[in-house]
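Notes follow the structure.
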Amino acid sequence: MSITSRFAPSPTGFLHLGHAFSAWTAWRRAEHFWLRLEDIDTTRCRPEFSAAILEDLAWLGLDWAGVRVQSEHFSEYDVALQRLERQGLLYPCFCSRAEILRAQAAPHGADPVYPGTCRHLRADERREKIAAGAPYALRLDMTAALRAASTTRKFFEEGHGWTTAAPEAFGDVILARRDVPTSYHLCVVHDDALQGVTHVIRGEDLRAATHLHVLLQALLDLPTPVYAHHRLLTDASGKRLAKRDQAATLAALRAAGAEPAKILHQFEESRIA
Ligand code: GLU
C-alpha cells in the first residue's frame, strides 16, 4: 500500500528536535508527504515561524508535495461544522473559562470536562443570548455523537491493532472556539481526508486525541487513516522536549554548526521500529 502522510506543526515557535523527529518519522515512511501549517489561532501563530519551519525542514533534507495553510480555509471548516449542526450534534456554549473552572476543579491541571451547563439551555434562551451578542463557542454533544456513530468507530493503530474509539473522556469538546471559528480537532480530520492521508504518524502525546478524531471521521463520513504514535524525544534528564527549550531548536543547532546528517543519524539511533 502506498503511504501518504503529513507533518502538521502549529507555527507558534521554532521547530525543536522533537518536532523534527516527528516530521522525519512520518517523512521516511511516506511515498507522498505533505506539510500542513495549523495556524488557525492567528493571534499565536506568526508568518515568520511558518517560514522558519519550512526552511529548517528543507535544511534537514526533508521534501514535500505541498503545503496546506489552514488559515486560508476557514470556510471549509465551517461547512463541516454546519454538517454536524444539521445532525443536531452541536450546541452554543456561553460559559467563560473561569465559570467552567469554578464549576469543576481540574484534577492534576488537566483540562476540565465541561459540566454541560449550556447543553440544558432552551432554544429560545440560546436565540436570545445570540441576538444580544453574547460570545459563544460550539460544543459537540458527546452523548448524542456517540449514539450517532455507535457502530462505526473502529480504527487500526500500529503496534496495537484494531481498537474502538472511546472519546468519552473529552466530554462535550469545543469544535469552534469563541475567538477562532473552528478548532484543531475539526480541522485535522477534515484536512487529513482532503490530503488523502493514509497514515497519521505523530507523537504519542496525541494518542488520546485520536479517539476523538475517529469519532469525528465517523460523523462527517470521512475515511479513517491508519494511526501510528511514536514515542517523544527527551532531553538528557528524561524530560520531554518542549518549545521553551531554546537550545534544542533547529535554528539554534544550525547556528551552532550542527550538521543535518548527524541529526538524522541520531534520529535513526533513537528510532523504535
Ligand atoms: N498541530 C499539532 C501540533 O502542533 C499536530 C497535529 C497532528 O499531527 O495531528 O501538535
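Every read-out reported here was derived from the displayed coordinates using simple, explicitly stated rules and does not represent laboratory data. Treat the numbers as computed from the prediction; the structure is a model and nothing was measured. Glycine also receives a Cβ, built like all others from the backbone with ideal geometry; neighbour counts cover every protein chain displayed.
Filter the stretch 142-160 for residues that are touching a strand residue (DSSP E or B) at 6+ places or on another chain (Cβ under 8 Å) and in a loop (DSSP other than H, G, I, E, B); which is nearest to L219 (Cα to Cα)?
R153
Could you grab the pairs with beta carbons closer than 6 Å, sequence gap of 6+ or different chains, first residue in the stretch 31-58 and within 21 Å of L186 (Cα to Cα), second one aromatic (F, W, Y) and within 12 Å of the ligand (Cβ to nearest atom)?
L35/F7
Filtering the stretch 180-192 down to residues that are touching an Asp or Glu at 6+ places or on another chain (Cβ under 9 Å) and not β-branched (V, I, T), which residue is farthest from the ligand (Cβ to nearest atom)?
P181
Considering only residues of the stretch 196-221 that are within 12 Å of the ligand (Cβ to nearest atom) and not in a helix (DSSP H, G or I), which is farthest from R240 (Cα to Cα)?
Here the answer is V197.
Mind listing just one residue for me: the one in the stretch 7-21 that is touching a His at 6+ places or on another chain (Cβ under 9 Å) and closer than 23 Å to T182 by Cβ and, of those, farthest from the ligand (Cβ to nearest atom)?
Looking at residues that are touching a His at 6+ places or on another chain (Cβ under 9 Å) and closer than 23 Å to T182 by Cβ, I get F7.
State all residues of the stretch 118-154 that are without any contact (Cβ under 8 Å) to a residue 40 or more places away in the chain and touching a helix residue (DSSP H, G or I) at 6+ places or on another chain (Cβ under 7 Å); if no residue qualifies, say none.
Correct list: M142 only.
Are there any pairs with C-beta distances below 9 angstrom linking a residue in the stretch 209-224 that is under 19 Å from R139 (Cβ atoms) to a residue that is basic (K, R), with the two at least 6 apart or on different chains, and if so which?
From the stretch 209-224, the pairs are H211/R153; V214/R153; V214/K154; L215/R153; Q217/R153; A218/R153; L219/R83; L220/R83.
Which of (1) under 21 Å from the mean Cα position of the chain (by Cα); (2) under 30 Å from P9 (Cβ atoms) is the odd one out, the single condition L146 does not satisfy?
(2)
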